[in-house]
């Protein structure tokens with residue numbers, strides 16, 4: 001089933017623009033896909049926090065754990 005797409009115009013600052021461009025180049029995806037993925041990650045984190053869960057970031061060796069907070 002094909003989803004209906006909408007156009008969305010947003011204003012961003014230079015720092016955000018550079019971050020989007022960096023992610024776009026790093027992942028070889030277009031700007032729209034960078035924004036889609038960012039929103040999906042933000043929604044996942046917000047949903048987990050609403051359930052009372054925490055998101056933990058740890059290094060590849062399983063050490064140096066940090067709890068991620070989203071305001």
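What follows is calculated from the coordinates using simple rules that are stated; it is not laboratory data. The model shown is predicted, which means the values in this text are computed figures rather than measured ones. Because the Cβ atoms are built from the backbone with ideal geometry, glycine has one as well, and the counts that use them run over all protein chains shown.
Relative to the current alpha-carbon distance between residue 61 and residue 45, full extension at 0.36 nm per residue lengthens the span by 3.5 nm. Computed from Cα atoms, the angle from the helix 31-50 axis to the main principal axis of the chain rounds to 40 degrees. Compute the helix-to-body angle for 14-27: its Cα long axis versus the longest principal axis of the chain, expressed 0 to 90° and rounded to tens. Helix 14-27 sits roughly 80 degrees off the main axis of the chain. Backbone N atoms of segment 25-56 closer than 13 Å to the 7 Å Cα→Cβ label point of residue 17 are not found in any residue.
Helical runs assigned H by DSSP (4 residues or longer) give the chain a calculated mean residue ellipticity at 222 nm of -16000 deg cm²/dmol, each run adding -39500 (n - 2.57) before division by the residue total.
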